[in-house]
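S.K.: Handing you a structure now.
The values are calculated or read from the model by the stated rules, or taken from the named source; none is laboratory data. A quick note: this is a predicted structure, and the numbers were derived from the prediction, not measured. All Cβ positions, glycine included, derive from the backbone under ideal geometry; neighbour counts span all protein chains shown.
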Amino acid sequence: MLTRRFAALLLLGLALLPPVVTAQGQPKTVRLLTVGNSFSENATKYLDKIVGADGNKLIHHRCVIGGSGPDQHLAKVAAHEKNPTDKAGLYGTGKSLKQELAAEKWDVITVQQASIRSHDASTYRPGMRELYAFIKKHAPASEVVIHQTWAYRVDDPRFSGRAEPKTQKAMYDGLSDAYRTIAKELGVHYIPVGDAFYAADTDPNWGYKPDAMFDVKTATHPTLPEQKHSLHIGWRWENDKSALKMDGHHASPAGEYLGGLVFYEFLYGRSAVGNTFRPSGVGEEFARFLQDTAHKVVERVN
């Protein structure tokens, strides 16, 4: 049995031990403001959990307009400047962009293009530069970076119609070039989420492959095609179970996880490989593949 004196010395020794830190260094806090749409929500859904699992801290606010690019955010800025009480100039937080920019000493502020226009660099001009200038005016100490969005799933119905681009590869090639071009024009970095999505989607072993045996026209509830390793939501039944719908745009939990891993690596400068957080429904081996993919892509870009 320990004597009281020995026990007291033991407790004192434990108290003098250094605090537990991550294997990659001291705990780090990042203050992040994302100015985007549902894709920025997707890409950061699990970010706080990934950050926390590695012993770090995240302060994150979102300025969201569904389906938006820089022009829609600038329109909200204009509405608020014209009439500060007009709800058209406010986000869901009840604040304007100017107010959000002043709410914290943001380390990083992200902007992005709407996915439907992401493949065409001309649609970024002049809005992206104007939004960048507005942000830097009201948050001059913050780093503005571009969040690179992703291409739609290979079997998204958009690719079977008359719209451009015609294929997932064409969409990725276009948005990849456009984001890099605009980032270079503004002299900023970009977060390569779209690169990571395409790398994972086209991997010969882990990439999603459409179910050729599934017939949408004859399907009945609750039958769904095989959608293993899909980074997008894909086929799903509506709440009333009467209609089968495809969402090849937005991220599935696996895609949201991959986006969060890329954001983490970019923001914290630390490897996501071995991170202990894994969303429900994402298998351990697949999660490790996504971690490896995020790490390789961010390492290559930066």
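S.K.: How many residues does the stretch 74-99 hold that are in contact (Cβ under 8 Å) with a residue 12 or more places away in the chain and of a type in the set (S, T, N, Q)?
M.R.: 2
S.K.: Ok, one more. Look at residue 158 and say whether it is modelled with pLDDT under 95, in contact with a Gly (Cβ under 8 Å, 6 or more places away or on another chain), surrounded by 15 or more Cβ atoms within 10 Å (Cβ to Cβ) and not in a strand (DSSP E or B).
M.R.: So residue 158 passes the test.
S.K.: Among the residues of the stretch 12-28, are any of a type in the set (Gly, Ala, Ser), under 20 Å from residue 147 (Cα atoms) and either modelled with pLDDT of 95 or more or part of a helix (DSSP H, G or I) (or both)?
M.R.: Of the residues in the stretch 12-28, the ones of a type in the set (Gly, Ala, Ser) are 13, 15, 23, 25.
Filter once more, keeping what is under 20 Å from residue 147 (Cα atoms): none.
No, the stretch 12-28 contains no residue that is of a type in the set (Gly, Ala, Ser), under 20 Å from residue 147 (Cα atoms) and either modelled with pLDDT of 95 or more or part of a helix (DSSP H, G or I) (or both).
S.K.: Looking at the stretch 229-247, which of the residues that are touching a helix residue (DSSP H, G or I) at 6+ places or on another chain (Cβ under 9 Å) and farther than 25 Å from residue 48 by Cα is surrounded by the most Cβ atoms within 10 Å (Cβ to Cβ)?
M.R.: 235
S.K.: Could you list all residues from the stretch 86-113 that are of a type in the set (Ser, Thr, Tyr) and either at positive phi or at pLDDT 95 or above (or both)?
M.R.: Listed by number, the residues that qualify are 91, 96, 110.
S.K.: Could you grab the pairs with beta carbons closer than 6 Å, sequence gap of 6+ or different chains, first residue in the stretch 234-261 and under 17 Å from residue 67 (Cα atoms) and touching a residue at least 24 places away in the same chain (Cβ under 8 Å), second one among the hydrophobic types (A, V, I, L, M, F, W, C) and surrounded by fewer than 15 Cβ atoms within 10 Å (Cβ to Cβ)?
M.R.: none
S.K.: Please return the ranges of helices (runs of 4 or more DSSP H) entirely within the stretch 33-109 where 1 or more residues are in contact with an Asp or Glu (Cβ under 6 Å, 6 or more places away or on another chain) and not aliphatic (A, V, I, L, M). Walk me through how you get there before you give the answer.
M.R.: Values: elements: 38-44, 47-53, 70-82, 97-103.
In the stretch 33-109, 38-44 are the helices (runs of 4 or more DSSP H) which contain 1 or more residues that are in contact with an Asp or Glu (Cβ under 6 Å, 6 or more places away or on another chain) and not aliphatic (A, V, I, L, M).
The rows are residues; the columns are (1) farther than 16 Å from residue 109 by Cβ; (2) surrounded by fewer than 20 Cβ atoms within 10 Å (Cβ to Cβ); (3) in contact with a strand residue (DSSP E or B) (Cβ under 9 Å, 6 or more places away or on another chain); (4) among the small types (Gly, Ala, Ser).
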{"site": "129", "(1), (2), (3), (4)": "no, yes, no, no"}
{"site": "132", "(1), (2), (3), (4)": "no, no, yes, no"}
{"site": "153", "(1), (2), (3), (4)": "yes, no, yes, no"}
{"site": "170", "(1), (2), (3), (4)": "yes, yes, no, yes"}
{"site": "177", "(1), (2), (3), (4)": "yes, yes, no, no"}
